[in-house]
Amino acid sequence: TLFRSSLNPDSVRVLLLDGLLNQTSGHYEKAVEDYQRVMDIEPRNIDALVRMALAFNDMDMPDRAIRMYTTASQLESGYYKPYQGLGYLYYVRGKFLEAGEQFRLAIDRAPGVLQNYINLGAAMTDLGRDREAEAAFLKALTIKETPGLLNSMGALRAAQKRDAEAIAYYQRAVALDGTNVLYFVNLGDSERRLGLRDESLKVYRRGMELASAELRQNPRKGSMRAYVGYFAARLDDPRRAKEEIAQALELSPGDRYVIRRAVLAYETLGMRDRAIEKLRGAPADVLRELSRYEDLAGLSRDPRYIQLTGNAGTKNGGQ
């Protein structure tokens, strides 16, 4: 605090710090103001542009975020972060092909950055391109073994209906980082599918504790509220599950993570009609991804879902 108070409040360094603090606490509009002030001082500040883009994405304003990322890449074409950020934006909105293209551009510019390979592998997993996904993850493993990478390998194995192998990866991820909510979601799901009920309930409860704590820090984080809703559904608390999922969808209506978690929660609650409703208008890539989920096998056989996938494929050129 003493160090920060000694700095000029209008300096770029302080404004970037203020923007980051506002962003992580859910004050996205204030964060954008901080980053805009940086741009007024340094119009070519790439970090401000990239962070502003992420803030717009958090506010579910993808068009403005895309403009920020595009401007950043034009100013500094050799810098990987604008491509990485734009790839993430496409990814969370179910545009996996576009995401993969951006992640490959990021890799071209920074072949030693681990996260770029993890991101590419995730996009390929969701496209059902398992060989490309595994190649990206194996390349990442030659750089460094991290919790996120282990979780991604687990997700690939789960998508291949190899939950026993997935559990081993998830457990290693949790051992390295016991605070990431996603790892507990995935571990609990694989344990449940293998009939390990007591173990899965214990994992879901721990995940609920972590997600609830994060939500207290940033109540506007739609993805975290969706996780709380999903955990509530798995822990037999339908009232809270429905409330949290509804709020998550209101906060982040275009976020693929939120849509996916909402559909999974509604299926868990036996609310198939609501799940179908939330998928109307969803991109073909999102629908195709969901069809790979073992927990959504019943949904994927529903005639209404099949019709949605056909309509989406037609609208998206059959992709």
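The values are calculated or read from the model by the stated rules, or taken from the named source; none is laboratory data. The model shown is predicted, which means the values in this text are computed figures rather than measured ones. When we count neighbours, we look across all protein chains shown, and the Cβ atoms used for this are built from the backbone with ideal geometry, even at glycine. The accessibility values were calculated without ligands, DNA or RNA, using every heavy atom of the protein model including side chains. Shrake-Rupley method; radii C 1.70, N 1.55, O 1.52, S 1.80 Å.
Put simply, of Gly188, Gly178, Gly195 the only residue that is under 25 Å from Lys161 (Cβ atoms), among the small types (Gly, Ala, Ser) and not in a helix (DSSP H, G or I) is Gly195.
Just to be sure, is Asn186 free of Cβ contacts under 8 Å to residues at least 40 places away in the same chain, buried (at least 19 other Cβ atoms within 10 Å of the Cβ), more than 14 Å from Leu235 (Cβ to Cβ) and not aromatic (Phe, Trp, Tyr)? For Asn186, the condition - free of Cβ contacts under 8 Å to residues at least 40 places away in the same chain, buried (at least 19 other Cβ atoms within 10 Å of the Cβ), more than 14 Å from Leu235 (Cβ to Cβ) and not aromatic (Phe, Trp, Tyr) - is met. Here is the figure for the stretch 171-229: residues that are of a type in the set (Asp, Glu) and under 15 Å from Val258 (Cβ atoms) total 1. The criterion of being farther than 25 Å from Leu290 by Cβ, open to solvent by 40 Å² or more (accessible area, probe 1.4 Å) and hydrophobic (A, V, I, L, M, F, W, C) holds for Leu138. Picking from residues in the stretch 153-183 that are touching a Leu at 6+ places or on another chain (Cβ under 6 Å) and open to solvent by less than 30 Å² (accessible area, probe 1.4 Å), the one that is farthest from Ala133 (Cα to Cα) is Val181.
Taken together, Leu17, Leu21 contain a single residue that is of a type in the set (A, V, I, L, M), more than 22 Å from the chain's Cα centre (by Cα) and open to solvent by 40 Å² or more (accessible area, probe 1.4 Å), which is Leu17. Annotation note: Cβ proximity below 7 Å between a residue of the stretch 268-279 that is under 22 Å from Asp236 (Cβ atoms) and a residue that is among the acidic types (Asp, Glu) and surrounded by fewer than 17 Cβ atoms within 10 Å (Cβ to Cβ) (sequence gap 6+ or interchain) occurs for Arg272/Asp302. Does the stretch 251-267 include one or more residues that are of a type in the set (S, T, N, Q) and assigned to a helix (DSSP H, G or I)? No, that holds for no residue.
Looking only at the stretch 268-312, which residues are within 20 Å of the chain's Cα centre (by Cα) and charged (D, E, K, R)? Of everything in the stretch 268-312, those that are within 20 Å of the chain's Cα centre (by Cα) and charged (D, E, K, R) turn out to be Lys278, Asp285, Arg288, Glu289, Arg292, Glu294, Asp295. Do we find that Gln247 is within 23 Å of Met61 (Cα to Cα), touching a residue at least 60 places away in the same chain (Cβ under 8 Å) and open to solvent by 10 Å² or more (accessible area, probe 1.4 Å) in this structure? No. Close Cβ contacts (under 8 Å, 6 or more residues apart or on different chains) running from residues in the stretch 43-64 that are touching a residue at least 40 places away in the same chain (Cβ under 8 Å) to residues that are among the hydrophobic types (A, V, I, L, M, F, W, C) comprise Asp60/Leu251; Pro62/Phe56; Pro62/Leu89. Considering only residues that are under 15 Å from the mean Cα position of the chain (by Cα) and assigned to a loop (DSSP other than H, G, I, E, B), which ones fall in the stretch 221-246? The answer is Lys221, and nothing else.
Of all the residues in the stretch 295-319, those that are modelled with pLDDT of 90 or more, open to solvent by 40 Å² or more (accessible area, probe 1.4 Å) and either closer than 24 Å to Glu98 by Cα or in a helix (DSSP H, G or I) (or both) number 4.
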